[in-house]
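The values are calculated or read from the model by the stated rules, or taken from the named source; none is laboratory data. Only a predicted model underlies this, so the values are computations on that prediction, with no experimental measurement involved. A quick note on method: Cβ atoms are made from the backbone with ideal geometry, for glycine too, and the neighbour counts reach across all protein chains shown.
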Amino acid sequence: MYYLSTVICYLKMEVLILGNKLLEILSFMTASAEQVTPEVTLLDFAAVNAFLVGDPLSDGKEFVLVDTGLENSYDFILETVKKYYGRDTKPQCIVLTHGHFDHVGSVIKLSEHWNVPVYVHELELPYVTGKMDYPLGNPNQGEEIAQMSPSFPHTGIDISHRVVILPQDGKIPGMPGWRWIHTPGHTRGHISLFKELDRVLIAGDAISTIKQESMWSVITKKEEISGPPNYMTEDWGKAKESIMYLKSLEPAILLPSHGKPLRNLKIKEQLDVLMSKVDKMP
């Protein structure tokens, strides 16, 4: 425990110096995959999660990639797809919950490699077509990661030739039985994904299960129900409304972009705790 505490103290100093580079190193060294339901595989890049949605045992082996991690997540995603779906397979499409750097890091390379479309909410379109940049992170909203957030990439990317606006009817191409839900607050066009039949919720950044502002929490995965990362959230009024709506869905499995999955009775307990925190959010 003493050794781990020493390492954490060292990382706390380095994180303020190296900023995003340290997150990339951490992501590269600890990347792992876990099949959390028969249909959903969680890709854990330490600081952020991505998801493969599609049953690897199905005849067609059709699947969709939800978010793409950091820039150096590319190779691990390709290897995991090969492992679960086969060597010559590719997703029907890529779906982005939003356009922050830790969710679009590999999207350019992956969409080019697979030659597939990338779906986003229409309000997120300016940030993935090179027309707008996100605000800088707010260093006053928490601990080490919040303090280094101004060093995070915040400029928009340009995938104009790949990007497609999500259908207005809520359906998601390549994900039968799922629907997308507009959950603004963290960003204008943030979405979550929900499968009614199994009550599986991919929350994106709308709900986290770790304190994303803390390096200790990110490394140890210490469970703490939270809203979106404070330092990059644009509209707290809408973020709170999104949390309340997602709670009303009564998910059986909650899959966040930051932290470990929650299941069954623990979800209700933890979401009740989160609701008690909502009014105290910034």
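Of 267, 243, all but one fail to be in contact with a strand residue (DSSP E or B) (Cβ under 6 Å, 6 or more places away or on another chain) and in a helix (DSSP H, G or I); the exception is 267.
Test residue 41 against the criterion of being free of Cβ contacts under 8 Å to residues at least 60 places away in the same chain, over 22 Å from residue 253 (Cβ atoms) and not in a helix (DSSP H, G or I), and give yes or no. For residue 41, the condition - free of Cβ contacts under 8 Å to residues at least 60 places away in the same chain, over 22 Å from residue 253 (Cβ atoms) and not in a helix (DSSP H, G or I) - is not met.
Taking the conditions (1) without any contact (Cβ under 8 Å) to a residue 12 or more places away in the chain; (2) assigned to a helix (DSSP H, G or I); (3) among the charged types (D, E, K, R) in turn, residue 169 satisfies each one other than (2). Of 78, 136, 57, all but one fail to be surrounded by fewer than 18 Cβ atoms within 10 Å (Cβ to Cβ), in a loop (DSSP other than H, G, I, E, B), within 20 Å of the chain's Cα centre (by Cα) and of a type in the set (A, V, I, L, M, F, W, C); the exception is 136. Every listed requirement among (1) surrounded by 14 or more Cβ atoms within 10 Å (Cβ to Cβ); (2) under 18 Å from the mean Cα position of the chain (by Cα); (3) at pLDDT 95 or above is met by residue 34 save one, (1).
Residues in segment 239-248: is at least one closer than 20 Å to residue 147 by Cβ, touching a Leu at 6+ places or on another chain (Cβ under 7 Å) and aliphatic (A, V, I, L, M)? Checked against the condition, which is being closer than 20 Å to residue 147 by Cβ, touching a Leu at 6+ places or on another chain (Cβ under 7 Å) and aliphatic (A, V, I, L, M), segment 239-248 yields no hits at all. Taken over segment 270-282, residues that are among the basic types (Lys, Arg), touching a residue at least 12 places away in the same chain (Cβ under 8 Å) and part of a loop (DSSP other than H, G, I, E, B) amount to 0. Here 48, 64, 36, 53 are screened, and the one residue that is in contact with a helix residue (DSSP H, G or I) (Cβ under 7 Å, 6 or more places away or on another chain), touching a residue at least 60 places away in the same chain (Cβ under 8 Å) and of a type in the set (A, V, I, L, M) is 48. Can you confirm whether residue 202 is crowded, with 17+ Cβ neighbours inside 10 Å, in contact (Cβ under 8 Å) with a residue 60 or more places away in the chain and under 29 Å from residue 174 (Cβ atoms)? Yes; evaluated as a whole, the condition is true for this residue. Report yes if residue 218 is in a strand (DSSP E or B) and touching a residue at least 12 places away in the same chain (Cβ under 8 Å), otherwise no. In short, no. Residues that are β-branched (Val, Ile, Thr) and surrounded by 14 or more Cβ atoms within 10 Å (Cβ to Cβ) within segment 139-163 comprise 145, 157, 159, 163, listed in sequence order.
All conditions in (1) within 20 Å of residue 38 (Cα to Cα); (2) touching a residue at least 24 places away in the same chain (Cβ under 8 Å); (3) in a strand (DSSP E or B); (4) over 14 Å from the mean Cα position of the chain (by Cα) hold for residue 255, with the sole exception of (4).
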